[in-house]
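The values are calculated or read from the model by the stated rules, or taken from the named source; none is laboratory data. Just so it is clear, the structure is predicted and the values come from calculations on it, not from any experiment. Note that each Cβ is placed from the backbone with ideal geometry, even for glycine, and that neighbours are counted across all protein chains shown.
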Amino acid sequence: MTAKARITAIDRFIKGLKEDNIYTDINACCVMAGWDSLAGALTPLKGAAPTNSGLSAYDRGVGITGDGTNYLNTNRGSSDDGLNDFHVGVYASSFSTGTENYLIGSLNNNATYNAVRLASNGRVYFYNRNGSSDFAPSVYSGCLASSRDSASDMGVLFEGATYQPSSASVGNVDNRDLYVLALNDRGTTVSVSDATASFYSIGSSLGSDPATGLAALDARVSTLMADLRAIEETGFDRDALAYIRAVEAADGAYLETDVKVAINNLVSGLKSDGLWESMASSCLLCGPRTLAGALVPLRGDAPTAYGFVDGDYDREGLAGDGTSYLDSNRANDAEPQDDNHNAIYLVAKESGQDGFEMGAGLSAGRNMINASVSNVFTRCRDATEINTGLSSVGSGVIGMSRSDSSGYTVRALGGEYSATAPSDGVASENVFVYCVNNAGSPAVISSSTLAFYSIGTSVDLAKLDTHISDYVTAIGAAL
């Protein structure tokens, strides 16, 4: 079924290019996603096969990821197409502009560029026979291309829109092969990228009008990539897919197949064990590409972040610094007094401090989780701080769940403790993560690194631990 679906997607793609009268303008092309192996991804749709200098990171859902050292030689010379009859394009599933690098490019005789450049100033530059135009990206995925059909103008495709800047061609004397995920600088490889490329195309000007041809290429390639991603998502849970799409929109880039599978397995597992509905507010603080993606809620309202910056997040957890925290925007009293859970996944405990990882209220009815210097301390709908005796040294799920008025269960890093502590009310403040909410102000802020939090009604903590721990492990293996 998967093979048939891929064939159907490719067939629709090729027929669409022909209907748009741009198929004959494509002289070198690879669809570098959708296949079961890197060898399949490097099989050309048209033209010569590219030469791989050593790239190995391939994901059938998103493509080939650069490693900052290796690249692809398309084996298509920049002068193999006419001086004023040329297009070059690439589809990126993800890219960043923090360093100087190229998605595709060649530099000839120290004058003529043919490239899509990701600049260290945060802008994307297009070169076509040395004509350049630059844009500030708002998303970090999609089709990026340029097409020239005259000596004075070129068309540019950027974020689904076409532009036609006035830009004169300079010349194209010295024939150099175009490289993908690097620049061929007159025979020297420079500015190698760590982006993920899913498609490239090189050839003559697209159709009779560059803007129209570029728009057609964008529509066809984007549809193909959506089809190939959808094949990988066949049978996914509906809520998992909704979360994946929301994360990708926040990230501005697409998630890897193994990351999506981990998300789907988590959601499906939580549902199968009857935990999903109990998780009223939750975030996966590992897996998404960016901090913005990590703050997309798995369930409930999105948290409000105070003080966190992109550098605090590294796809395996969000690191506190003793000043930053999250307002979950979930009121502590949104759940009944005797039907509540709070839980986190601790990646790394703060060193030599005593901050709280989660909490609301500093009076009766408070909720708190504190992975202290050596032990875990908790309060759950009561004013009595319990030293559970459970170790806080290591990584794993730490949570507490109350299902009656007499006491509650604590689970920490694989151990469990039954706390005898009658409930005495419900603090009304929103639950904060990385600290305690003291009447609207953060108190006892932690610098721990967390990968997950959840708030809701009572749950089986051992089952929750299994699913969240499996997810964190799967993310570590996927990255």
Residue list for the stretch 358-375, filter: outside any strand (DSSP E or B), surrounded by fewer than 24 Cβ atoms within 10 Å (Cβ to Cβ) and not hydrophobic (A, V, I, L, M, F, W, C): S363, G365, S372, S374
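Among the residues of the stretch 56-64, are any more than 23 Å from A230 (Cβ to Cβ), at pLDDT 95 or above and either within 24 Å of the chain's Cα centre (by Cα) or not assigned by TED's automatic domain parsing to the domain that holds N172 (or both)?
Yes, because at least one residue in the stretch 56-64 is more than 23 Å from A230 (Cβ to Cβ), at pLDDT 95 or above and either within 24 Å of the chain's Cα centre (by Cα) or not assigned by TED's automatic domain parsing to the domain that holds N172 (or both).
Restricting to the stretch 11-63, name every residue that is in a strand (DSSP E or B) and of a type outside the set (G, A, S). Spell out the reasoning first.
First pass over the stretch 11-63, keeping only residues in a strand (DSSP E or B): 26-31, 44-46, 51-52, 58-59, 63.
Within the stretch 11-63, I26, N27, C29, C30, V31, P44, L45, K46, T51, N52, Y58, D59 meet the criteria.
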Among the residues listed as A419, A451, A474, the single one being in a helix (DSSP H, G or I) and touching a residue at least 40 places away in the same chain (Cβ under 8 Å): A474
Going residue by residue through the stretch 119-140, is there one that turns out to be touching a residue at least 40 places away in the same chain (Cβ under 8 Å), surrounded by fewer than 23 Cβ atoms within 10 Å (Cβ to Cβ) and part of a strand (DSSP E or B)? no
Complete set of residues in the stretch 309-357 that are within 21 Å of I468 (Cβ to Cβ), surrounded by fewer than 22 Cβ atoms within 10 Å (Cβ to Cβ) and either without any contact (Cβ under 8 Å) to a residue 40 or more places away in the chain or not assigned by TED's automatic domain parsing to the domain that holds S447 (or both): D312, D314
Which of the residues spanning the stretch 262-286 are of a type in the set (S, T, N, Q) and either in a helix (DSSP H, G or I) or out of contact with any Ser or Thr (no Cβ under 9 Å at 6 or more places or on another chain) (or both)? N264, N265, S268, S272, S278
Any residue at all in the stretch 382-392 that's more than 30 Å from N265 (Cα to Cα), touching a residue at least 40 places away in the same chain (Cβ under 8 Å) and in contact with a Ser or Thr (Cβ under 9 Å, 6 or more places away or on another chain)? yes
Based on this model, can you work out whether Y243 counts as in contact with a helix residue (DSSP H, G or I) (Cβ under 9 Å, 6 or more places away or on another chain) and surrounded by fewer than 20 Cβ atoms within 10 Å (Cβ to Cβ)? no
A427 vs (1) among the small types (G, A, S); (2) part of a loop (DSSP other than H, G, I, E, B); (3) modelled with pLDDT of 95 or more; (4) surrounded by 19 or more Cβ atoms within 10 Å (Cβ to Cβ): all pass except (3)
